[in-house]
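Before anything else, here's the structure in question.
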Amino acid sequence: MRFLITGGAGFIGSHTADALLAEGHAVRVLDSLEEPVHPKNAIPGYLDSRIEFIRGDVRNESLLLDALKGCDVVYHLAAFQDYLPTFSRFFDVNATSTALIYELIVRERLPIKKVIVASSQATLGEGAYLDAKGRQILPDLRPESQLMKGIWELQAPKGFEGPLQWQRTDESVANPQNPYGMSKIAEENIALYIGRRYEIPSVAMRYSIVQGPRQSFYNAYSGACRVFCLNFQLGREPQIYEDGQQVRDYVNIQDVVAANLLVLHDSRADYQMFNVGGEKPITVCEFASAVAEVFGAKNYLARPCGKYRFGDTRHICSDVSKMKSLGWKPTRTIYDSIESYREWLSQADSAESILDYCNLQMAKLNVIREIKS
Ligand SMILES: NC(=O)c1ccc[n+]([C@@H]2O[C@H](COP(=O)([O-])OP(=O)(O)OC[C@H]3O[C@@H](n4cnc5c(N)ncnc54)[C@H](O)[C@@H]3O)[C@@H](O)[C@H]2O)c1
């Protein structure tokens, strides 16, 4: 079979391409090599030479049509995924491009057998909680007035009783709290509804925080893994925001690739949406300590720094039962991810300049704020 992977020069796309090539398929990539993910807009050295590479924007209709022609399956992974307040660009790149793929398939009667789109855990927002009486709530982000006082846990809204307890959140929840998450809801809706209507088997994958080599040093998504690894590599202590007890689930890139291939081959996945996560809830302090261990920082004790990041979710952990019901399960640990990321980092030009870049971006966006006592 011939595959088109949009955004295939990136982290998840290039690993998915390698797995498809290993199965004997032909792979075409359409990628605009966006900065800062790809410094100087250069083709990354890890991209397999057997890949047919088309440089260009997924919103360019004629280029996209050329890229789609002759393909059997599309993985739509290209996305705008920054923290910047360019709200419209999230929809333009992530949602409009998805609609354009279906528009061209329908209009040109292209014999595409399946479309798999990348959604995100960001669609879940704060996820699902239970109140003291066992009633489910889908909370909004915590207000700034609460965070300024250093109160971290979500407070029970009117009509509910605290304390609230976070739950693993399944695919029935759609509660995005930022434009990226909103654009991903649009993307998965476009894929699943238009797919169903025109009988184009389609699947939406809600990835949690994906980790592993080839993740761009400059991508907003590489967050904790990148920043913690960089700090320990430079012999520094990373900053722990809030109290470090925020829960996340981290999924290894190889498990993500396995999920991407499973939904390709299994027709039970058609017209469905799946959480693809690490399953195990891990606090930020636990993650920092694991990174310290891998980097040999023996006496490290994760300590909160008295600051918080505006817009962060408190706890989020995806329920991956639906993906598991197809026979998939996450098999790698955070140690596997950290070790492989460490090796990848050793190929970087300068850890110091990457860390400076991260800090500068954070300062520019004014997302790091201090508790006012
Ligand atoms: N990495 C994660 O933790 C994570 C988590 C949830 C969802 N996702 C989603 O998975 C997909 C892949 O993410 P990734 O981590 O591989 O990101 P990445 O940044 O490594 O790769 C994305 C690729 O898309 C390309 N691209 C961006 N805009 C484009 C455009 N307009 N036209 C053509 N190409 C364009 C970039 O150049 C890049 O090569 C994205 O849709 C992302 O939203 C990723």
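Need one number for the range 149-239: average projected area of the convex hull over its C-alpha atoms, nm².
Taking the Cα atoms of the range 149-239, their convex hull projects to 10.3 nm² on average.
In addition: Just grab the label-to-label distance for Asp349 and Ala42, each label 7 Å out from Cα along the Cβ direction, in nm (one decimal).
Distance between the two pseudo-spin positions: 0.7 nm.
While we're on this one: Using modelled amide H (1.01 Å from N, peptide plane; none on Pro or chain starts), what sits under 5 Å from the amide H of Gln211, excluding residues fewer than 5 places away?
Sorted by chain and number, the residues that satisfy this are Val251, Asn252, Ile253.
Given H placed 1.01 Å from N in the peptide plane, which residues other than close sequence neighbours of Ser120 have an amide H under 5 Å from its amide H?
For Ser120, the qualifying residues are Tyr207.
From the Cα trace of the range 1-88, what convex hull volume per residue do you get, rounded to a whole Å³? Please report the intermediate quantities before stating the final value.
Values: hull volume 8.3 nm³, N = 88.
Residue-normalised Cα hull volume stands at 94 Å³.
While we're here: Sort 190-203, 298-311, 103-116 for me by packing, meaning the mean count of neighbouring Cβ atoms within 10 Å per residue, highest on top.
Numbers: 190-203: 18.7, 298-311: 14.1, 103-116: 16.1.
Listed from highest to lowest mean packing, they are 190-203, 103-116, 298-311.
With N set to the number of residues, divide the alpha-carbon radius of gyration of the range 2-370 by 2.2 N^0.38 Å and report two decimals.
0.98
Please compute the length gained on full extension between Phe53 and Asp92, using 0.36 nm multiplied by the number of residues separating them and subtracting their Cα-Cα distance. Mind showing how you got there, number by number?
Working: separation 39, 0.36 × 39 = 14.04 nm, distance 2.29 nm.
In short, 11.7 nm is gained.
Please get the size of the charge dipole for the range 2-370, origin at its Cα centre, with Cβ charges of +1 on Lys and Arg and -1 on Asp and Glu, quoted in debye to the nearest 20.
400
How large is ³J(HN,Hα) for each residue in the range 21-37, as worked out from phi by the Karplus curve 6.51 cos²θ - 1.76 cosθ + 1.60 (θ = phi - 60°), to whole Hz, x for Gly and Pro?
4, 5, 7, x, 8, 9, 10, 10, 10, 10, 8, 8, 6, 5, 8, x, 4
What is the gain in length, in nm to one decimal, between Glu161 and Asp243 on full extension, counting 0.36 nm per residue of separation less the C-alpha to C-alpha distance?
Extending this stretch completely gives an extra 27.2 nm.
Tabulate in residue order the Karplus-calculated ³J(HN,Hα) for the range 320-328, using 6.51 cos²θ - 1.76 cosθ + 1.60 with θ = phi - 60°, rounded to whole Hz; enter x for Gly and Pro.
9, 4, 5, 5, 5, 5, 8, x, 9
So what are the ³J(HN,Hα) numbers for the range 360-370, from phi and the Karplus equation (6.51, -1.76, 1.60; θ = phi - 60°), rounded to whole Hz, Gly and Pro as x?
Calculated HN-Hα couplings, in order: 5, 4, 4, 5, 4, 7, 6, 8, 8, 10, 9 Hz.
Give me, ordered by chain and number, the residues 5 or more places off Gly150 or on other chains with an amide H under 5 Å from its own placed amide H.
It is Lys372, by chain and number.
May I ask which of Lys280/Lys322; Lys113/Lys329; Lys307/Lys372 have a Cα-Cα span longer than 18 Å here?
Among Lys280/Lys322; Lys113/Lys329; Lys307/Lys372, the Cα-Cα distance tops 18 Å for Lys113/Lys329.
Readers should treat all values here as calculations from the given coordinates under stated rules, not as data from a laboratory. Because the structure is a prediction, the values reported are computed rather than measured. With ideal geometry, Cβ positions are generated from the backbone for all residues, glycine too; neighbour counts draw on all protein chains shown.
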